[in-house]
1. Could you look through the stretch 68-80, keep only residues that are out of contact with any Lys or Arg (no Cβ under 9 Å at 6 or more places or on another chain) and of a type in the set (A, V, I, L, M), and pick out the one that is nearest to HIS182 (Cα to Cα)?
2. Does LEU164 fit the bill of being under 17 Å from SER79 (Cα atoms) and either in contact with a helix residue (DSSP H, G or I) (Cβ under 6 Å, 6 or more places away or on another chain) or among the aliphatic types (A, V, I, L, M) (or both)?
3. For SER237, only one of the following conditions fails: (1) closer than 22 Å to PHE185 by Cβ; (2) polar (S, T, N, Q); (3) open to solvent by 30 Å² or more (accessible area, probe 1.4 Å). What is its number?
4. Considering every residue within the stretch 146-155, establish whether at least one is part of a loop (DSSP other than H, G, I, E, B) and surrounded by fewer than 23 Cβ atoms within 10 Å (Cβ to Cβ).
5. Please specify each residue of the stretch 11-24 satisfying the condition of being crowded, with 16+ Cβ neighbours inside 10 Å and not hydroxyl-bearing (Ser, Thr, Tyr).
6. Would you check if SER82 is in a helix (DSSP H, G or I), surrounded by fewer than 22 Cβ atoms within 10 Å (Cβ to Cβ), under 11 Å from the mean Cα position of the chain (by Cα) and among the hydroxyl-bearing types (Ser, Thr, Tyr)?
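The values are calculated or read from the model by the stated rules, or taken from the named source; none is laboratory data. These figures come from a predicted structure and were not determined experimentally. Positions of Cβ are backbone-derived with ideal geometry, glycine not excepted, and every protein chain shown enters the neighbour counts. When the accessible area is computed, the model is the full protein with side chains, heavy atoms only, and any ligands, DNA or RNA have been set aside. Shrake-Rupley method; radii C 1.70, N 1.55, O 1.52, S 1.80 Å.
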Amino acid sequence: MAMGSGFNQETKTGAFFMATLLIWVFSVLWEILINKRKELFPIVLGFIFYQSANWVIPKLLRNPDPLFVNTCVSLLHSSTTSASVLFILVNQSMLSNGVNVNQMFEHSQLVEHTWPWAFTALCFSCGYFAYDQLDMLLNRLYSGWIPSILLHHFLLLICFTLALYRNVAINYLILTLICELHSVFLHLRKVRRMAGFRDCNGSIFVKVEWVLNWATFVLARVVSHILITVKLIRDASKFDKGGVELPLALFGMAGMNLLNTFLGIDLLKLTGER
């Protein structure tokens, strides 16, 4: 009886997140088709790109397991996004022509301006989160009454999409995506183990992978998100009074820092299971 009750609750949870995803899809298509927001079309391209990868990977790697395929696509996204973020930051620093790089991170630059390619990169990544949400819902790659991964994607889609609609704080959100550097090694470890390479603690590759996993977790995820949170608090008075940008940003960063804590605990538990 308890198992049946839990299954019904998970079904209701899936129905809720599917409904919110459909509402999001309708909203994005409305903006693109009705309000003529063609600059948002990379969201659709991002969805198509990662969904296509989901179709190709099982044939390419001859492994149809939905969780394995989903993790491979996640690895592709984290790699693509990391490269994009690094390119955007390096490109912007070069465009500064030697001017103090700290000016890149001034409040007006982060909130009111948009670095070259930043808007497109954020749209493309938004398309991934929509794809991943749909894939997990269709293949039931989640568990529990309130799955953290579905909630994570739901909140990201809200924050990213509102910022894209209003064209504000795009650069701030690009900085939050630096954490995808850590996701590369997180997903790489998972793919390696799912492929059967588990008992290889003596491997140099595994040791390097584990060191990079922890290094990027600390630097690209924990430190970067704490610095962004501190920056938001210090610049609180510079945001428009009565606007939603600051409360939404602080709420989003609080959620990310909380998730980072849980992720750090999980990494500690996995230390002996490389």
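1. Among those that are out of contact with any Lys or Arg (no Cβ under 9 Å at 6 or more places or on another chain) and of a type in the set (A, V, I, L, M), it is LEU76.
2. Values: under 17 Å from SER79 (Cα atoms): no; either in contact with a helix residue (DSSP H, G or I) (Cβ under 6 Å, 6 or more places away or on another chain) or among the aliphatic types (A, V, I, L, M) (or both): yes.
The answer is no for LEU164.
3. Only one criterion is unmet by SER237, namely (1).
4. Applying the first criterion (part of a loop (DSSP other than H, G, I, E, B)) to the stretch 146-155 yields 146-147.
When the remaining residues are screened for being surrounded by fewer than 23 Cβ atoms within 10 Å (Cβ to Cβ), the result is 146-147.
Yes, that holds for at least one residue.
5. Within the stretch 11-24, GLY14, PHE17, LEU21, TRP24 meet the criteria.
6. On the way: in a helix (DSSP H, G or I): yes; surrounded by fewer than 22 Cβ atoms within 10 Å (Cβ to Cβ): yes; under 11 Å from the mean Cα position of the chain (by Cα): yes; among the hydroxyl-bearing types (Ser, Thr, Tyr): yes.
When the stated conditions are applied, SER82 passes them.
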